[in-house]
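Take a look at the structure below.
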Amino acid sequence: MGFMKGKRALIVGVASDRSIATGIAEAFAREGAEIAFTYQNDKLKGRVTKLAERLGQSTDLCFPCDVTSDEEIDAVFEALGKSWDGLDVLVHSVGFAPREQLEGGFTESITREGYAISHDISAYSLAALAKAALPMMESRNSAILALTYNAAQMVVPNYNVMGLAKASLESCVRFLAADLGPKGIRVNAISAGPIKTLAAAGIGGFRKMLAYAEHSAPLKRTVTIEEVGNTAAFLCSDLASGITGETTFVDAGSNIMAMVFPEE
Ligand code: NAD
Ligand code: 0WE
């Protein structure tokens, strides 16, 4: 098909073969996009360059970027600008809260520092990246995509301060969409159902959550990074030229259910 042919994309958030960002990169490559990547730190550099190689992308377009650093964010676009005269797609697939924030009761676990870190890395970073990418993205039918989770809207046990950060991220998507629409930039989010990635590994009871998602979803299963990738490719392509400011669920339908019986 190749519905992303001619598109140049930057993907932020690959950490392993199971990352949602990896599923997105695979769909983008299949549809003919050219892809640049960032990695959080040197520990992840090898994995990201290997993925670039596997997808037939230039390993020269893999840049370090810890999103808490304004200098590293600026350096990415300065370097990218040397190879590309513009950018069509920016994917933000980043989320983090200190581990202690994601266990126990909300009131008990939340701290000023946990709040600040989770919002800085998981929500502010979208605005920061969009701001730095703007000169390369304006006036070319470009698109920005972020990854969110339904705990932004409804309470999920243990997700705690990350729920507040995702609510901020979804609001950021709308404010960016309103502000950047006139400059030819669409901004959307995908709200994914639970997937066993690195960010999910080690979360207490994650297997139970996957089982609950399978049981409660109309499709009676969880979703894959391939399914999120395909939706991401659509939303970031010109096929979605009329869609901005939207959060699209890729969750096998779970979000529509207000109640499910335990056995059935
Ligand atoms: P993942 O661990 O593969 O990806 C998370 C990424 O965040 C990693 O690449 C990591 O390097 C990056 N990151 C964390 N702190 C960073 C920092 N300071 N600077 C730069 N990068 C940083 O896990 P994932 O599940 O693929 O997560 C991707 C996105 O999808 C996140 O926004 C997550 O909240 C969201 N999401 C995940 C699920 C799920 O169940 N896995 C469901 C819905 C939404
Ligand atoms: O967004 C996420 C994961 C976010 C995440 C995960 C970690 C684990 C390691 C953020 N920060 C950290 N910090 C770490 O130290 N998801 C949507 C997956 C997820 O995480 C949960 C979930 C679900 C679903 C945490 C508690 C409850 C449900």
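Quick look at the values:
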{"item": "Relative exposure of Leu198, Leu235, judged by other C-beta atoms within 10 Å (fewest first)", "result": "Leu198, Leu235"}
{"item": "Radius ratio Rg over Rh of the range 26-153, counting only Cα atoms, Kirkwood formula for Rh", "result": "1.01"}
{"item": "Mean residue ellipticity (222 nm) of the chain, computed from DSSP H runs ≥ 4 via -39,500 (n - 2.57), nearest 500", "result": "-12500 deg cm²/dmol"}
{"item": "Cα-based shape type of the range 179-264, given that a ≥ b ≥ c are square roots of the gyration tensor eigenvalues and the cut on a/c is 1.5", "result": "prolate"}
{"item": "Proximal aspartates and glutamates to Lys208, defined as alpha-carbon separation beneath 19 angstrom and excluding residues fewer than eight positions away on the same chain", "result": "Glu103, Asp251, Glu263, Glu264"}
{"item": "Residue among Glu100, Glu226, Glu246 with the largest mean-square fluctuation in a Gaussian network model of the chain, springs linking Cα atoms under 10 Å", "result": "Glu100"}
{"item": "Ranking of Glu263, Glu170, Glu103 by count of other Cβ atoms within 10 Å, fewest first", "result": "Glu263, Glu103, Glu170"}
{"item": "Relative contact order (%) - criterion: Cα under 8 Å, at least six apart; region: the chain", "result": "20 percent"}
{"item": "Convex hull volume per residue for the chain, taking Cα atoms only, in Å³", "result": "126 Å³"}
{"item": "Cross-link pairs Lys131/Lys166; Lys50/Lys220; Lys45/Lys196; Lys131/Lys196; Lys5/Lys220; Lys5/Lys196 - those with Cα-Cα distance over 28 Å", "result": "Lys50/Lys220; Lys131/Lys196; Lys5/Lys220; Lys5/Lys196"}
{"item": "Gain upon complete extension [Ala75, Arg207; 0.36 nm per residue less C-alpha separation]", "result": "43.6 nm"}
{"item": "For Phe37, residues with placed amide H under 5 Å, excluding near neighbours", "result": "Ile11, Cys62, Phe63"}
{"item": "GNM flexibility winner over the chain from Leu102, Leu126, Leu145 (Cα, springs under 10 Å)", "result": "Leu102"}
{"item": "Given charges at beta-carbon only (K, R positive; D, E negative), |dipole| of the range 1-118 in Debye", "result": "540 debye"}
{"item": "Test item: Cα-centred dipole of the chain, Lys/Arg +1 and Asp/Glu -1 on Cβ, debye", "result": "420 debye"}
{"item": "Interchain or long-range residues, amide H under 5 Å from Thr248's placed H", "result": "Ala189, Ile190, Ser191"}
{"item": "Of Thr247, Thr22, Thr107, the one that fluctuates the most in a GNM where the chain has Cα springs shorter than 10 Å", "result": "Thr107"}
{"item": "Ranked list, fewest to most other Cβ atoms within 10 Å of each Cβ, for Thr197, Thr38", "result": "Thr197, Thr38"}
{"item": "Distance histogram in 10 Å bins (all Cα pairs of the range 76-126, percent per bin)", "result": "21, 34, 22, 15, 7"}
{"item": "Dipole in debye (nearest 20) - the range 194-237, about Cα centre, beta carbon charges: Lys, Arg +1; Asp, Glu -1", "result": "220 debye"}
{"item": "Given charges at Cβ of Lys, Arg, Asp, Glu: the chain dipole, positive-most of Ala79, Leu102, Ala252", "result": "Ala252"}
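The numbers here are math on the coordinates, done by the rules we state, and not lab data. None of these values were measured; they are calculated from a predicted model. Using ideal geometry, Cβ is built from the backbone for each residue, glycine included, and neighbour counts are taken over all protein chains shown.
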